[in-house]
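These notes are about the structure you will find just below.
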Amino acid sequence: MQITNKQLRDFITDSGLLEPEVIEENFQQATKQVKKLGDLLMEKKLVSEIDLKKLYSYILGIPFVNLEKEVIANEILHIIPEPIAKKYGIVAFEKKGNDLKVAMKNPEDLQTIDFIRKKTGLKIIPCLTSEDNIKIVLKQYEKSLKAEFGDLISDDSEKISSDNSDDDLEKIAQDLPIVRIVDTLIKHAILQSASDIHIEPDEKEVRVRYRIDGILHDAMTLPKQVTGGLIARLKVLSSLKLDEHRLPQDGRFKIEKDGYKISFRVSILPVFEGEKVVMRLLDETSKGLTLEKMGLYGDALEKVHQHIKRPNGMILVTGPTGSGKTSTLYTVMDILNTSEVNISTVEDPVEYRMPRVNQTQINPKIGMTFAAALRSLLRQDPDIIMVGEIRDGETMQIAIEAAMTGHLVLSTLHTNSAAGALPRLLDMGAEAFLVASTVNIVIAQRLVRKLCNDCKVEYNFDQATIKDLQASFELAEILEVMKKTPQLKGIVNEKSTWKDIKFYKAKGCEQCNNEGYHGRQGIFEVLVIDEEIGKLITASASTDEIERKAKEEGMHKMYEDGFIKAAMGVTSIEEIIRVTKE
C-alpha cells in the first residue's frame, strides 16, 4: 500500500505534530513539486525520520522497531546475507519458531520480502525502522568478522611462502592471501575506532595491537611466515622501498570506502626480529570538532574564544604526546579559517588536510627545519601561523618575533601544566619581558576515556576512598571549586560533602565491547597571561608561584576539571588519576 501525500497530511494533522497551516503550506509545495510530503518535511527538519516512520507504521498497520541498542545474535543476523541487507535496507532481528521478524526502511518492497521468504523457507514479519537503525545493525555484520578472522589467517597463511627474498616480495605483496589479511586488519581497526595499529614481529609470531581510546589492546597474533608479505604489502600501499630493511621509512596512503575516508600515516622501523610497523589512522570524514565537544566549557571556553580572536600574540597548547594537542590546534584553526585571513602552517608531519590553509611539511635532511620553514613563511604575508611544535630556541625566537610583529601564532610545547610552559620558554633562551608581552593564553590538556552511557554504575565515596584520594589531591580545594561550578548545579550544593556526591564507575557491556568506556574527551587548564601573571614572568617566578596566582584569578587545575567531569558522569575518578598522576 502506497502512502499518499493526502493521507500523510491528514494523519499529521490528527497527530498534532505540526501546526495545520504549516502542514497545508508544505502539502501544497509537495504537490506542486511532485514530491513526497514526508521527504519535504524531513528536508526542512520539521519532523525527524523516527517520528515520520512511526506515523508510516501507524498508517500501514506495521510495527515500528528501534534497533539502536539491540545486539542481534549472529545466527539470526546472517539469515539475510550482508550484500542483500546492504542493498535493500533489510535486516533480520528476531526468530521465533518459523517466524522471522525483519526490519526494513521500505516495508512496501514486497519483492524483497518474497525473495527472503523463498530463500529461508520462513514466514516473514516485516517491521518498519529508520535508515540510521539499519546502518547501526549493518555494522554488526562487520563486527562478526572478528570471529571469522582466525579461519582467514589459518587458511591464508598456509598458502603464503616463507621465502621472503626481495625478488619475491613484490609478488607476495600482490597475492590474494596477503591482501585479504591486510584488508581485514585495517577494516577491524576502522570498525573499532582505533587511532593506531602496531605490527610487532617476535621470534615465533607477529603481534598486532590496536590503540583504542588511548589504550593499547592485543588484537590478534599472526604466524611468523606472513611477516615479509605483510610488511611488503604495507610498503607497496605507502609507496616505500621494498628492498630497504636497515633504515626507518615513513609513508602514507588513503582508503575511501563505504562512506569513510581514512588517511594512514605509516612508520617502519628496523627491530631485532625484522621491521616494526606503526600506522596512525586519521579520519578525514569526521565532522569538524568544536571546543565544546572537546570538553571546554564555561569561563575557560569564553577565555579561549576571546584570545583566539585577537589579531596577534601566541596561543600555546601543552601536554605529553597523545594528549590531543594537535586536535585542539586544528579546531582553533577551523574556527579562524575564513576567507579574510591567510593561515599558514609548518608541521612534522602534516596530520590533516585543511581547505584554504597552506600547510608545509618539514624535512630536516634537506635543511627544511621548523626554523628555516618559519623564516620563509613570514615572507608569505600570513595573518595566522601554526607551528606544529616549538622544539628549539631558534624556532621559539622566530615564533615570538612573529607574534610581536602582528601575527597570531599557534603552537605546542611538551610541559606537564599550563604554568610550566612559561619557565620552559625562558629555559630555551627567551627574554622574560617578551614572553610576558607576547603569550596570550596557555592551554594544558590530557585526554580521558568517556564512560559508556549504557552501562556506567553510580556510587558514593566511602571513607577509605576519600583517604586514598586525599594522599594525591587537595580534596578541600576541589570541593570548593565544584560548589562554585554552574555546570554542577543540582549535583553539588553548598552543603555537599564528598560522601554526598554521586560518581560513576565503568562496568562493561556489549555496546562498549565490555570496556566500560567509549570515546575520549579532554580535561583542561586554561592560563590567561594578564598583567599580574606578566609581572611574575618578568620577575622569573617559579611554576608554583604562577600557578598560585592563576588559581586566585579563577583558573581550574586540570585535575579539578577532571573531578567536575567525573561528577557530571562523563568519566571516572580512575581515569582522572591515570592521566594526571606524574
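Tabulated values for the structure
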| item | result |
| --- | --- |
| Some residue of segment 437-449 being of a type in the set (Val, Ile, Thr) and either without any contact (Cβ under 8 Å) to a residue 60 or more places away in the chain or open to solvent by 40 Å² or more (accessible area, probe 1.4 Å) (or both) | no |
| Residue among Ala103, Ala92 that is small (Gly, Ala, Ser) and touching a Cys at 6+ places or on another chain (Cβ under 6 Å) | Ala103 |
| Scan of segment 397-435 for residues that are farther than 20 Å from Ser542 by Cα and open to solvent by less than 10 Å² (accessible area, probe 1.4 Å), ordered by number | Ala399, Ile400, Ala402, Ala403, Leu408, Val409, Leu410, Ser411, Thr412 |
| Test: residue in segment 263-277 that is in a strand (DSSP E or B), without any contact (Cβ under 8 Å) to a residue 12 or more places away in the chain and farther than 25 Å from Asp348 by Cα | no |
| Which numbered condition Thr538 fails, given (1) crowded, with 17+ Cβ neighbours inside 10 Å; (2) in contact with a Phe, Trp or Tyr (Cβ under 6 Å, 6 or more places away or on another chain) | (1) |
| Residues that are small (Gly, Ala, Ser) and either assigned to a helix (DSSP H, G or I) or buried (at least 19 other Cβ atoms within 10 Å of the Cβ) (or both), drawn from segment 541-582 | Ala541, Ala550, Gly562, Ala566, Ala567, Ser572 |
| Sole exception among (1) buried (at least 17 other Cβ atoms within 10 Å of the Cβ); (2) out of contact with any strand residue (DSSP E or B) (no Cβ under 7 Å at 6 or more places or on another chain) for Asp243, by number | (1) |
| Some residue of segment 290-299 being open to solvent by 10 Å² or more (accessible area, probe 1.4 Å), at pLDDT below 90, of a type in the set (A, V, I, L, M) and closer than 25 Å to Val439 by Cα | no |
| Criterion: over 24 Å from Lys257 (Cα atoms), under 37 Å from the mean Cα position of the chain (by Cα) and open to solvent by 10 Å² or more (accessible area, probe 1.4 Å) - qualifying residue of Glu108, Glu94 | Glu94 |
| Output for segment 114-144, where each listed residue is out of contact with any Asp or Glu (no Cβ under 8 Å at 6 or more places or on another chain) and of a type in the set (D, E, K, R) | Asp114, Arg117, Lys118, Lys119, Lys135, Lys139, Glu142, Lys143 |
| Cβ-Cβ under 6 Å pairs, at least 6 apart or on other chains, segment 50-70 side closer than 20 Å to Phe93 by Cα and modelled with pLDDT of 85 or more, far side part of a helix (DSSP H, G or I) and of a type outside the set (Ser, Thr, Tyr) | Phe64/Lys53; Phe64/Lys54; Leu67/Asn133; Leu67/Val137 |
| Number of the exception - Glu256 against (1) modelled with pLDDT of 90 or more; (2) within 30 Å of Lys87 (Cβ to Cβ) | (1) |
| Extreme residue, farthest from Lys241 (Cα to Cα), among residues of segment 168-212 that are buried (at least 20 other Cβ atoms within 10 Å of the Cβ) and touching a Phe, Trp or Tyr at 6+ places or on another chain (Cβ under 7 Å) | Ala194 |
| Of all residues making up segment 61-71, the number that are more than 15 Å from Ile125 (Cα to Cα) and either in contact with a His (Cβ under 7 Å, 6 or more places away or on another chain) or open to solvent by less than 30 Å² (accessible area, probe 1.4 Å) (or both) | 1 |
| Condition met for Asn74 (exposed (fewer than 15 other Cβ atoms within 10 Å of the Cβ), over 19 Å from Glu108 (Cβ atoms) and not hydrophobic (A, V, I, L, M, F, W, C)) | yes |
| Test result for Ile335, in contact (Cβ under 8 Å) with a residue 12 or more places away in the chain, surrounded by fewer than 18 Cβ atoms within 10 Å (Cβ to Cβ) and more than 19 Å from Val528 (Cα to Cα) | yes |
| Evaluation of Gly121 against (1) in contact (Cβ under 8 Å) with a residue 24 or more places away in the chain; (2) farther than 23 Å from Lys187 by Cβ (one fails), failing number | (1) |
| Segment 243-262 residues that are closer than 14 Å to Lys276 by Cβ, paired with ones that are among the hydrophobic types (A, V, I, L, M, F, W, C) (beta carbon under 7 Å, 6 or more apart) | Pro248/Ile268; Pro248/Leu269; Gln249/Leu240; Gln249/Ile268; Asp250/Val266 |
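The values are calculated or read from the model by the stated rules, or taken from the named source; none is laboratory data. Because the structure is a prediction, the values reported are computed rather than measured. Here the Cβ is made from the backbone with ideal geometry for all residues, glycine too, and neighbour counts use every protein chain on show. SASA here: full protein model, heavy atoms, side chains in, ligands and nucleic acids out. Shrake-Rupley method; radii C 1.70, N 1.55, O 1.52, S 1.80 Å.
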